[in-house]
Structures are given as structure tokens and as C-alpha cells.
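Below is one structure, written out as C-alpha cells; comments come after it.
Nothing in this text is a laboratory measurement; each read-out follows from the coordinates by a stated rule. All values derive from a computational prediction rather than experimental measurement. No Cβ is skipped: glycine too gets one built from the backbone with ideal geometry, and neighbour counts run over all protein chains shown.
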Amino acid sequence: MKELDIGTVARWSGLPASTLRYYEEKGLIRSIGRNGLRRVFAESVLQRLSLIALGRTAGFSLEDIAGMLASEGGPAIDRERLERKAEQLDQTIRRLSAIRDGLRHAAACPAENHLACPTFQRLMTLASRQASRSRATAR
């Protein structure tokens, strides 16, 4: 088993050492010892960090990721949770696509006043509804 010090892991993973220490504190990764004052990790930590990066990119919280990485034998990924996250992403994509299309229309709209444009009015209504939902969810 190849051992890597924290500086090497930081370089190869692209993460600062402070993030690696934080991930260790949260139980996402584990050092196997020390070389002087420097933490030492098994080479397999790089694969684990890749899984963490994938989870973060998909929008999972560190707590969610920790639950999926809890198994010693490898990741314990909840497929239903992945499907729910994919559906959330689909909803976000649809919402952002509608906003993008509305903005493109507003940019090219021949109306003298955007407030007179029915498409722009629909865009404003959608934005208001979304803001109301966000406020209600935050409560």
C-alpha cells in the first residue's frame, strides 16, 4: 500500500490541506498515521476524494456523502436517493431553461416597453412564484 503525505494528496486532488483536514474531522476520509507533523494517507484516499467530489458536484451535502461512504467495504450508495437527486436536477434544469428562454426573448423583444410584452409578463410571474415558494420553504 502506497502512503501519501497530506501535501501530495492536496496536490493530486486539487484540494487545500485545510479541506483535507476538515474532511477528516467530518469522518469522510481517514489518515493512517503521521510522518512527523504531517498526516499520511493511503493511496486509496484519492478515489474516496473523487467520490466526494462527484457527490458535491451532484449537489449532495457532506452529511449525505458521509452516509454513502460509511461502509468499510466501499461506498453504500442509496440508488433511490440518487434517483430523487436526479429528479431535483431535472426540475432545476427545466426552471433555469425557462428563465434562460425568457431572458433571451426579453433581450430580442421588439416591444418598446418590456412591461407591455406578454412573454416578459409571464417571466415576471414565474419569478414571483418561485420567490414565494423559496420564502415559504425557508420558513
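To the nearest µm²/s, what D does Stokes-Einstein give for the chain at 10 °C and 1.306 mPa s, using the Kirkwood radius over alpha carbon pairs as Rh? Please report the intermediate quantities before stating the final value.
Details: Rh = 18.7 Å.
For the chosen part, D equals 85 µm²/s.
Just name one of L126, P16, L51: the one whose Cα is farthest towards the positive end of the charge dipole of the chain (beta-carbon charges, Lys/Arg +1, Asp/Glu -1).
L126
Would you order I93, I6, I52, I77 from fewest to most other beta-carbon atoms within 10 Å of each residue's own beta-carbon?
Lowest to highest Cβ neighbour count: I93, I77, I6, I52.
In debye, nearest 20, what is the charge dipole magnitude of the chain about its Cα centre with +1 on Lys and Arg Cβ and -1 on Asp and Glu Cβ, if you could check?
Magnitude of the dipole: close to 340 debye.
Describe numerically, in nm with one decimal, the distance between label points set 7 Å from Cα along Cα→Cβ at L96 and at R11.
3.4 nm
Segment 1-86: which GluC sites (Glu not before Pro) are DSSP loop and have at most 15 other beta-carbon atoms within 10 angstrom? The partial results should precede the final answer.
Details: sites: E3, E24, E25, E43, E63, E72, E80, E83; in loops: E43, E72.
Here the GluC sites (Glu not before Pro) that fit, given the DSSP loop and packing criteria, are E43, E72.
How long is segment 62-139 along each principal axis, judged by its Cα atoms, biggest number first, in Å?
64, 28, 17
Put +1 on the Cβ of each Lys and Arg and -1 on the Cβ of each Asp and Glu in the chain; which of A42, A138, F60 then has its Cα farthest toward the positive end of the dipole?
Final value for the positive-end residue is A138.
Could you work out the mean projected area of the convex hull around the alpha carbons of segment 3-68, in square nanometres to one decimal?
4.1 nm²
How high is the FRET efficiency between S18 and N113 when r is their beta carbon distance and R₀ equals 41 Å, given to the nearest 0.05?
It comes out at approximately 0.20.
Report, to the nearest 10°, how far helix 79-108 tilts away from the longest principal axis of the Cα atoms in the chain, using its own Cα long axis and a range of 0 to 90°.
Taking the Cα atoms of the chain, the angle to 79-108 is about 40 degrees.
Quick one: putting +1 on the C-beta of Lys and Arg, -1 on the C-beta of Asp and Glu, what dipole do you get for segment 3-68 around its Cα centre, in Debye to the nearest 20?
160 debye
Can you work out the PRE-style zone for S132? Point 7 Å along Cα to Cβ, and I want the residues of segment 83-113 with backbone N under 17 Å.
Flagged as within label range: none.
Select from H105, L4, I32 the residue farthest towards the positive end of the dipole of the chain; place +1 on Cβ of Lys and Arg, -1 on Cβ of Asp and Glu, and compute about the Cα centre.
Positive-end residue among those listed: H105.
Please state the charge dipole magnitude for segment 79-138, taken about the Cα centre, from unit charges on C-beta atoms (+1 on K and R, -1 on D and E), reported in debye and rounded to the nearest 20.
So the dipole magnitude of segment 79-138 works out to roughly 280 debye.
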